[in-house]
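This is the structure, below, for whatever I ask next.
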Amino acid sequence: MTEYETHDYDVIVIGAGGAGLRAAIEAKDRGLRTALICKSLLGKAHTVMAEGGVAAAMGNVYAEDSWQVHFRDTMRGGKMLNNWRMAQLHAMESPDRVQELEAWGALFDRTTDGRILQRDFGGHRYARLAHVGDRTGLELIRTLQQRAVAMDIDVFMECKILRLLSDADGVVSGAVGYWRATGEMVVFSARSTVIATGGAGKSWKYTSNSWECTGDGHAMSLWAGADLIDMECVQFHPTGMVWPLSVRGILVTEGVRGDGGVLRNSEGKRFMFEYVADMFRAETAESEEEADRWYEDHSAGRRPPELLPRDEVARAINTEVKSGRGTPHGGVFLDIASRRSAEVIRRRLPSMYHQFMELAGVDITHEPMEVGPTCHYIMGGVRVDAETAAATVPGLFVAGEAAGGMHGSNRLGGNSLSDLLVFGRRAGIGASDFATGRSGQVVPNQAEIDRTVDEALAPFTRDEGENPYQVHHDLQDTMQTLVGIIRTQSELDEALEKLDELTSRASRVAVGGGRSYNPGWNLATDLPAMLTVSRCVTLGARDRRESRGGHTREDFPNADPEFGKVNLVQRQPSGGGMDEEIKIGPEPIPEMPDELKALFEETH
Amino acid sequence: MADDVTMRVWRGDADGGDFAEFTLPAQEGEVVLDVIHRIQATEAGDLACRWNCKAGKCGSCSAEINGRPRLMCMTRMDQLPEGPVTVAPMRTFPIIRDLVTDVSFNFEVAKSVPAFAPPPRPEEGYRMAQIDIERGQEFRKCIECFMCQDVCHVIRDHEDNKPQYAGPRFFIRYAELEMHPLDTNDRRELLRQQGGLGMCNITKCCTEVCPEHIKITDNAIIPMKERVVDATYDPVAWLGRKILRRKKATPQQAVTHGA
């Protein structure tokens, strides 16, 4: 039998982006023995990539902003599929979470009277995003990281978690994984386990996500018997770089549009005016003149259509390119050069300036950018209790992108960083309370440990087999072409067949070299989660026979009110791991109380 | 553009190693990290390198490219001179494998910097003027690629200096806290003794390699050297600073500056 080291904690947090860090800080602050485990070095998680800001109705720029308006914007942006209670808690608590960061050392950009400055973003009625230029994610993760270091939280870096462990009663009781530096196995036993592993974009070819975003937490939760909801809802951010090919997919912040940038097709036309859905018509400008007035004063005109929610803009760009009005490299133009001074652009968007200058040789203060949709965020995730972030299996708590419900079928920009803070904290509280109340010795299932270790090491025992890089490449091709921004029945059926094939190939991967820092082997151990999550997205996309938010069906182009009342829930009832069939079916979404429903009737 | 690119990549571990040569077809617009990834996918699946965002934002993929510390994800192949491209791990840190080094030294130093200590938060939130936080914001652009630490000769070739030297990355951290309008800690003596600020002789190598273009030497190290000297040797300046600092922290002052 393989040897492994063991660690015992009250609370383990898997993932050290914004949500994981915030959860660990909360648990540690409550006096629990807390461990933070991350696949990369501390401070490198994907949160660092967030650019535009953190949404919080502080009312520093528009005093008329309130949690009610933020709540309403979030629900409408999510096409009402959101868990209303999560959206409400999020809107109510995010201002406190932002203020708290400032007390921990964050330096947000300021208003002229010295308060936190807020910027405009798509789908938000008022300028609401607290920010630091276009590197807000870095500020957020560094602040939380420095707080965690000051609190002396135990951090396990470059440690890949493979599976959650249960005890004899089915209570989640820790996790098993390995150190990437040595390849040695490690087992954590814990009274509570928090999953904050982020997204799953690495299954698509053009994505803004880093290598880490392989859906580990989604898959491990499912394998442990937890419910996933609405996995078909995947956000394609409208503006990723399209050229050079090697950087295709890298994010171009929505802040470019918030600060005055406009989208034009190859004919020079501001095409977004043609794509205003009825739901947003009353609050969207009808002419360029009106839209431009709005940038100066929000009461002088209505919002520019470039700032519609991301799903609307991404679909519009997709249509323009498919209709032959795209740029030379297959995108559309994002122009801020002709609209703002070079000095303003460099000050407001410094990292965009450098990104285009250094990677594409484009000076965004003089030329337009070429942009197109890129896989960015998964709204679907583990079904959680809004108050405690508890999953549907005991002992497991989930926060951030790995959790579902908060964003419905489409997330508004800026709502992710606030989500991390609000529900990271709540998961920390939920996990702490559960750990405190759990009695007796925590004994993870030995058979689960042994099986996981054997499976993980199997690629070394095969003399020849599939190349993990090739399997990953083919998975990305499959998901990009068959389960991308626009979906249809025949392609989804084809995708499911291909996923069967890829799963079988993944079970035969062989790797060379040793266990110490071996990226080929590391990728081989990421493949099971990527394949499981890809299957869940495809199954959900097949069964949701309508178009809503981040899920668009060519064969069912309209929203169906009946589908608007349900989550598509996926589970493996006996927690049987990868081999067990995934069950999928609709279940009613929680109904909003009347006083919140009234918020949607008051306006317009 | 040439048809092929030749990469000389250092391979090995703590016990030693050597450069291995790989020749691949060139592709338009690629950065060094793209070529490393193609080598992994085809010829050397176990070639170790650290990376995350591939957009110059996370600071994971630091390496010495043709002898100069750079981010692999932000170094375009077509901007390097013709001929083989050499990629080696950062020299200042112990090798784990291939291009991956053990950078834990930096995480240990981070623990030794006393945390930000603001006064209690007023009901309506803190007030700070933009002009008063801009220097701190410059330092907080740091992506912790640790290339400034790598290139700093105080520790690059002198392992024995590491225990008493924080390095440029942490000099800007000290400076950020020292210049924060709300902070109440005084870390100057600590920076002099434990941080070893005096050992820096301002050759500006750190500033030259910083991918975020932070003016480490001019805006952090030199002002901090002056402040340390003031605090240690000049009672008049020390008194003057005490008064200035107190003024800067009041909300009224912030409002005046911002107006």
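Values quoted throughout were computed directly from the atomic coordinates according to the rules given, and no laboratory measurement underlies them. Since the model is a prediction, treat every value here as computed from it, not as a measurement. When we count neighbours, we look across all protein chains shown, and the Cβ atoms used for this are built from the backbone with ideal geometry, even at glycine.
For a quick check: with amide H placed at 1.01 Å from N, whose amide H comes under 5 Å from A:Phe121's, ignoring anything fewer than 5 positions away on the same chain?
Close amide H contacts, sequence-distant or interchain: A:Arg128.
Run through the range A:97-199 and list the GluC sites (Glu not before Pro) located in a DSSP loop whose Cβ has at most 16 other Cβ atoms within 10 Å.
A:Glu184
A further question follows. Using only C-alpha positions, report the orientation-averaged shadow area of the convex hull of the range B:104-258, nm², one decimal.
9.6
Starting from the Cα of A:Met92, step 7 Å along the direction of its Cβ; do the same at B:Glu226; then give the gap between the two resulting points in nm.
Taking the simple label geometry, A:Met92 and B:Glu226 are separated by 5.1 nm.
Once Rh is set to the Kirkwood radius over Cα pairs, what Stokes-Einstein translational diffusion coefficient, in µm²/s, holds for the protein assembly as shown at a temperature of 25 °C and a viscosity of 0.890 mPa s?
This corresponds to a translational diffusion coefficient of 89 µm²/s.
What longest range of chain B stays clear of loop-exposed GluC sites (Glu not before Pro) (DSSP non-H/G/I/E/B, at most 15 other C-beta within 10 angstrom)?
Between the exposed loop sites, the longest stretch runs B:125-259.
Given charges of +1 on the Cβ of Lys and Arg and -1 on the Cβ of Asp and Glu, with all other atoms neutral, how large is the dipole of chain A about its Cα centre, in debye to the nearest 20?
The dipole of chain A has a size of about 680 debye.
A follow-up question, please. How high is the FRET efficiency between A:Ser504 and A:Glu562 when r is their beta carbon distance and R₀ equals 41 Å, given to the nearest 0.05?
E between A:Ser504 and A:Glu562, to the nearest 0.05, is 0.70.
Using the Cα atoms as the points, what is the convex hull volume per residue of the range A:236-375 in Å³?
In the range A:236-375, the Cα convex hull volume per residue is 98 Å³.
From other protein chains only, count the Cβ atoms within 10 Å of every residue's Cβ in B:137-149, then give the mean.
3
Here's another thing I want to ask about it. Compute the distance from the alpha-carbon center of the range B:13-52 to that of the range A:179-216, in whole Å.
With the range B:13-52 and the range A:179-216 each reduced to a Cα centre, they are spaced 23 Å.
Run through all the Cα pairs of the range A:113-193 and give the fraction in each 5 Å bin from 0, expressed as whole percent.
3, 11, 12, 13, 13, 13, 8, 11, 10, 5, 1, 0
For the protein assembly as shown, what does -39500 (n - 2.57) per DSSP helix run (n ≥ 4), summed and divided by total residues, give at 222 nm, in deg cm²/dmol to the nearest 500?
-11000 deg cm²/dmol
Moving on to the next point. Can you give the relative contact order of the range A:321-444 as a percent, counting alpha carbon pairs under 8 Å and 6+ residues apart?
19
Round to the nearest 10 and give me the degree value, 0 to 90, for the angle of helix A:468-482's Cα axis relative to the longest principal axis of chain A.
So the inclination is approximately 40 degrees.
Over chain B, what is the relative contact order in percent, taking alpha-carbon pairs closer than 8 angstrom and at least six residues apart?
Result for chain B is 17 percent.
With r defined as the distance between the Cβ atoms of A:Glu289 and B:Gln27 and R0 fixed at 51 Å, what FRET efficiency is calculated, to the nearest 0.05?
My answer for the efficiency is 0.70.
Determine ³J(HN,Hα), in whole Hz, for all residues of the range B:5-15 in sequence, where each value follows from phi through the Karplus function 6.51 cos²θ - 1.76 cosθ + 1.60 and θ = phi - 60°; x replaces Gly and Pro.
Coupling constants for the range B:5-15: 10, 10, 10, 10, 10, 6, 10, x, 9, 4, 7 Hz.
Would you mind listing how long chain B runs along its three principal axes, going by Cα atoms, in whole Å with the largest first?
64, 42, 30
Using modelled backbone amide H atoms (1.01 Å from N, in-plane), which distant-in-sequence or interchain residues come within less than 5 Å of A:Arg553's amide H?
Here the answer is A:Arg487, A:Ser547, A:Arg548, since their amide H atoms fall under 5 Å of that of A:Arg553.
Whole number please: convex hull volume per residue of the Cα set in the range B:117-161, in Å³?
129
How about the range A:501-604: which GluC sites (Glu not before Pro) there are in a DSSP loop, with at most 16 other Cβ atoms within 10 Å of their Cβ?
Answer in residue order: A:Glu554, A:Glu562, A:Glu580, A:Glu581, A:Glu591.
Can you give the relative contact order of chain A as a percent, counting alpha carbon pairs under 8 Å and 6+ residues apart?
So the answer I get is 21 percent.
For A:Lys39, which lysines qualify as cross-link partners when the Cα separation must be under 20 Å and same-chain residues fewer than eight apart are set aside?
Those lysines meeting the cut-off are A:Lys160, A:Lys202, B:Lys54, B:Lys57.
Please compute, over every Cα-Cα pair in the range A:1-68, the percentage with a separation greater than 19 angstrom.
55
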